[in-house]
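Following: one structure in structure tokens, then a few remarks.
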Amino acid sequence: MCSSIKNSLVDSYNRPIDYFRIAVTSQCNLRCLYCMSEAHEERTDKATILSKQEMITLIEVLASVGVAKIRFTGGEPLLRMDIVELVSRAKQAGIKTVTLTTNGLLLDRFLPGLIDAGLDAINFSIDSLDSERYFSITRRDQYRRVRDNLDKLLSHNVLSVKLNVVLMRDINSDEIRGFVDLTRVYPVTVRFLELQPFDDNQIWRTGKFLGAEKIQELLQHEYPGLQTVKGKATQYYSYILPDHKGTIAIIPAFTRNFCSQCNKIRITSDGKLISCLYKKEGLTLLPLLRAHASHEMISDMLRKAVLQKPEDGKHGARDSVRTSMSEIGG
Ligand code: SAM
Ligand code: SF4
């Protein structure tokens with residue numbers, strides 16, 4: 001048996017855990033209204049943020065315990081100047097799939113480096129294709145740069161690209177057609193996300209929430225020729241349209257329960273291992289990494305975190321107290 005399989009991570013309910021989502025920073029250059037308040041407190045204290053070397057050690061240990069996929073996220077991961085090196089070190093360590101979730105604002109600075117480093121895919125978050133509306137959702141006047149970066153990324157056609165669009169009633173729910181039109185020309189997956197209850201302002205309580213069934217209804221109304229295809233995991237509802245190169249998906253993150261298929265652990269920018277999206281606290285890795293602990297001690301801590309994974313963390317967690325997805329990376 002190959003050593004990575006022998007040592008691989010399995011939780012108490014026999015689920016293989018081979019996907020880690022790492023928030024490389026909690027800082028952000030936008031202030032999306034469903035994610036952060038303008039005054040959102042950021043952990044800017046360098047003393048608690050994993051350094052480049054600590055991240056690399058962690059990534060190497062993850063590779064040694066059979067982790068197959070890492071997603072770098074945040075906050076905004078492109079605010080970390082060493083992001084290209086982190087991607088490159090993850091690929092060199094043997095992580096099969098390395099991906100990034102970004103708001104795209106700084107992508108012009110990093111795209112060639114990320115491609116050279118071996119990045120496999122990007123989730124690009126953009127909630128409006130109208131500059132004034134983009135401003136009112138993100139509270140920053142940055143639509144032009146973000147849109148140029150998106151166009152560059154799509155025309156590059158090197159990386160697999162998914163667009164994340166949080167669909168909100170009376171905010172951007174009339175933009176389905178604009179987003180779906182992108183799939184006509186580009187082999188991109190446009191994903192409409194349900195709003196989740198993790199934000200400082202709790203705007204999901206203000207009637208803006210649109211459930212997957214309603215999003216599907218709006219899609220079918222716009223596109224009667226929509227064909228359903230079998231989606232997997234979170235892309236539960238997936239669709240194609242005749243003559244479109246891309247695909248469309250709805251992510252029912254709030255209304256459906258994916259716990260039974262969960263293969264993921266999250267790591268916060270200050271090194272906490274969060275075994276479930278609905279758990280507020282986690283084991284802290286930072287002291288071990290800072291003390292240059294052996295790979296074995298770090299992998300023991302990973303195993304402990306995996307064993308803390310609840311069978312169904314979502315059940316009864318509707319009033320989660322988490323204040324922002326940026327704490328844990330979406
Ligand atoms: N800043 C990067 C970005 O926006 O892509 C990465 C971090 S962000 C927390 C990751 C994803 O979470 C984004 O696609 C964002 O739209 C989504 N997100 C944040 N807060 C959310 C919420 N309350 N409900 C649904 N999705 C949310
Ligand atoms: Fe920043 Fe991403 Fe949160 Fe928007 S969703 S505020 S871009 S972390």
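If packing is taken as the average number of other Cβ atoms within 10 Å across a peptide's residues, how do 144-150, 20-26 rank, most packed first?
Numbers: 144-150: 17.3, 20-26: 24.4.
Per-residue mean Cβ counts within 10 Å order the peptides as 20-26, 144-150.
For the chain, what mean projected area does the convex hull of the alpha carbons give, in nm²?
Values: hull surface 64.7 nm².
Averaging across all directions leaves 16.2 nm² for the Cα convex hull.
Calculate the spin-label point distance for Thr255 paired with Asp312, positioning each point 7 Å from the Cα along the beta-carbon direction, and give it in nanometres.
Between Asp312 and Thr255, the simple spin-label model gives 1.9 nm.
Relative to the present Cα-Cα distance, how much length would full extension add between Gln53 and Glu38 at 0.36 nm per residue of separation? Write down the numbers at each step before the final one.
Values: separation 15, 0.36 × 15 = 5.40 nm, distance 3.14 nm.
Fully extending the segment from Gln53 to Glu38 adds 2.3 nm.
Which one of Val98, Ser125, Phe110 has its Cα pushed farthest toward the positive end of the charge dipole of segment 1-155, where Lys and Arg give +1 and Asp and Glu give -1 at the Cβ?
Val98
If the reach is capped at under 20 angstrom between alpha carbons, list the aspartates and glutamates near Lys304, excluding any in the same chain fewer than eight residues apart.
Answer for Lys304, where 20 Å is the Cα cut-off: Asp11, Asp18, Glu54, Glu60, Asp270, Glu281, Glu296, Asp312, listed by chain and number.
For segment 74-163, take every pair of Cα atoms, bin their distances at 10 Å starting from 0, and report each bin as a whole percent.
17, 50, 26, 7, 0
Using a 1.4 Å probe over the heavy atoms of the protein chains, calculate the carbon and sulfur portion of the accessible area of the chain as a whole percent. Please report the intermediate quantities before stating the final value.
Values: 7370 of 14620 Å².
Roughly 50 percent, rounded to a whole number.
Want the number for His295 to Gln227: 0.36 nm per residue separation, take away the alpha-carbon distance, what's left?
Values: separation 68, 0.36 × 68 = 24.48 nm, distance 4.81 nm.
Result for the pair: 19.7 nm of gain on full extension.
What ranking, highest mean first, results for peptides 284-293, 124-133 when packing means the other Cβ atoms within 10 Å averaged over each residue? Don't jump to the answer; show the numbers that get you there.
Details: 284-293: 15.5, 124-133: 18.2.
So the peptides 284-293, 124-133, ranked by packing, come out 124-133, 284-293.
On a 1.4 Å probe surface of the protein chains, which of Lys96, Lys304, Lys52 comes out largest in accessible area, and what is the full order? Before the final figure, lay out the partial values.
Details: Lys96 150, Lys304 125, Lys52 75 Å².
If we order Lys96, Lys304, Lys52 from most to least accessible, we get Lys96, Lys304, Lys52.
Just to confirm my numbers, what's the Cα centroid distance between segment 15-42 and segment 84-114 in Å?
Taking the Cα centre of segment 84-114 as reference, the centre of segment 15-42 is 17 Å away.
Considering only Leu241, Cys259, Leu182, whose Cα is most displaced toward the positive end of the charge dipole of segment 175-263, charges sitting on Cβ of Lys, Arg (+1) and Asp, Glu (-1)?
Cys259
Take the Cβ-Cβ distance between Ser136 and Asp181 as r, set R0 to 25 Å, and report the resulting FRET efficiency rounded to the nearest 0.05.
On the way: r = 22 Å, r/R0 = 0.88.
Once rounded, the FRET efficiency stands at 0.70.
When ligands, DNA and RNA are left out and all protein chains stay put, how many square angstrom of accessible area per residue does segment 70-140 have with a 1.4 Å probe? Please report the intermediate quantities before stating the final value.
Details: 2470 Å² over 71 residues.
Accessible area per residue, segment 70-140: 35 Å².
For Tyr13, what accessible surface area do you get with a 1.4 Å probe? Give it in Å², rounded to 10.
For Tyr13, the solvent-accessible surface is approximately 100 Å².
What's the ranking of 267-277, 178-188 by average number of surrounding C-beta atoms within 10 Å, highest first? Show your work: numbers first, answer last.
On the way: 267-277: 22.7, 178-188: 17.1.
The most tightly packed comes first, giving 267-277, 178-188.
Relative to the present Cα-Cα distance, how much length would full extension add between Arg303 and Lys214 at 0.36 nm per residue of separation?
Numbers: separation 89, 0.36 × 89 = 32.04 nm, distance 3.98 nm.
Computed gain between Arg303 and Lys214 is 28.1 nm.
Most fluctuating residue of Met36, Met297, Met168 in a GNM of the chain with Cα springs under 10 Å: which is it?
Met297
The values are calculated or read from the model by the stated rules, or taken from the named source; none is laboratory data. No experiment lies behind these values; they were computed from the predicted model shown. Methodologically, a virtual Cβ is constructed for each residue, glycine included, from the backbone with ideal geometry; neighbour enumeration extends over all protein chains shown. Ligands, DNA and RNA are stripped out before the accessible areas are found, and what is left, the full protein with its side chains, is counted by its heavy atoms. Shrake-Rupley method; radii C 1.70, N 1.55, O 1.52, S 1.80 Å.
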